[in-house]
Every structure is written in structure tokens, then in C-alpha cells.
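K.L.:
Quick one: the structure is below, and I'll ask about it shortly.
The values are calculated or read from the model by the stated rules, or taken from the named source; none is laboratory data. From a predicted model like this one, the values you see are computed outputs, not experimental measurements. Neighbour counts are summed over all protein chains in view; Cβ atoms, including those assigned to glycine, are modelled from backbone coordinates with ideal geometry. For the accessible areas, the whole protein counts, side chains as well, though only heavy atoms, and no ligand, DNA or RNA atoms are used. Shrake-Rupley method; radii C 1.70, N 1.55, O 1.52, S 1.80 Å.
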Amino acid sequence: MFYHFLYPLKVWWFGFNIFRYITFRASMAAVTAFIISLIVGPYIITYLQKLKLSQYVRHKFVDNLEEFFNSKEGTPTMGGLIIIVSVLLSCFLWCRFDNDFVIITLGGMVWLGVVGFMDDYIKIKNKSAEGLRSLT
């Protein structure tokens, strides 16, 4: 969005020419995604804790690991939402949407986010540590 609005202003001031460079836009997108995740992250984690969407730990098979992973039980799951939200917002601000690679990459990220969501949803629904199963 910044590219499409600010780059055409290069005719009035040469400083807007910096939006032409992918290295500038990529680094600014990374910084923006990090800042968005710092701002949005605590709110999403608090919301997930209120919904009691927490991680289940496998208590069978290995006894020694149970005491090691007891601290993980109760950790909110679906934290990938923070990453997906921050990257999508950052890309909306800094990317050129006339580039097919951007669309393919964002589509792949959203698809993998859907798979991760389904995995976490199955874990929460079944109240177990087993999520999606492989086809083989």
C-alpha cells in the first residue's frame, strides 16, 4: 500500500524513490511485522487463555518426560495467529500486490495456517496431544 501511494510522489521529492527498492520494503515489512506482533501478541494470548484453549501433554509412553513437560501443559495453543496476523498486516502495508510471488507466498502461508489451526482444533476438541494424522 505504501508503494502504490508514496512511490508516485517521487516526481515532487526524490526521497520517495526509496519505495522502489525491494530491500527497503522487505526490511521495513520485517520490522513492522515484529512491532505488530509485540503489540497484538499479548492481547491474542490473553484472549486464548480466556477461551481456555490450552496445550495438552501426552502422559503415556515415557514416564521421565512427563515431569519435564508438565510446565508446558496449560500453555495457550493457536499462537500462530500472532504470526499470521502480523505478517498479513505488514505485507498489506509494504508489499506490491502486482507481484505474483507475493500472492503465492501469502496464499501458502495462509494455507499452512489453516492446517495448523485444524491441528490445534483437533487437539482441543479431543482433549489429547494427538492432532492431525498423516495420510501414510
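K.L.:
In square angstrom, rounded to the nearest 10, how much accessible surface does Val110 have for a 1.4 Å probe?
P.N.:
Estimated to the nearest 10 Å², Val110 gives 60 Å².
K.L.:
Related question: What is the distance, in nm, between label points placed 7 Å from the Cα along the Cα-to-Cβ direction at Glu130 and at Met1?
P.N.:
Roughly 4.5 nm, to one decimal.
K.L.:
Okay, next question. As a test of reading the structure, rank Phe101, Phe16, Phe34 by solvent-accessible area (1.4 Å probe, protein chains only), most first.
P.N.:
Working: Phe101 150, Phe16 50, Phe34 125 Å².
From most accessible down to least: Phe101, Phe34, Phe16.
K.L.:
May I pose another question? How do Ile84, Ile103 rank by accessible surface area computed with a 1.4 Å probe, from largest to smallest?
P.N.:
So the residues, ranked largest to smallest area, are Ile103, Ile84.
K.L.:
Hey, what do the phi angles of segment 29-39 turn into as Karplus ³J(HN,Hα) couplings, whole Hz, using 6.51/-1.76/1.60 and θ = phi - 60°, x for Gly and Pro?
P.N.:
With coefficients 6.51, -1.76 and 1.60, one gets 5, 5, 5, 5, 5, 5, 5, 4, 5, 5, 7 Hz.
K.L.:
Using a 1.4 Å probe and counting only protein heavy atoms, arrange Met28, Met78 so the residue with the most accessible area comes first. Before the final figure, lay out each step's value.
P.N.:
Numbers: Met28 60, Met78 20 Å².
The most accessible residue leads, giving Met28, Met78.
K.L.:
Please compute the net charge surrounding Gly113, taking Lys and Arg as +1 and Asp and Glu as -1 over other residues with Cβ under 13 Å from its Cβ. Display every interim value, and only then the final one.
P.N.:
Values: positive: none; negative: Asp119, Asp120.
Overall, the nearby charge balance is -2.
K.L.:
Could you check the spin-label model distance between Phe14 and Met109? Points 7 Å from the Cα along Cα→Cβ, value in nm.
P.N.:
3.4
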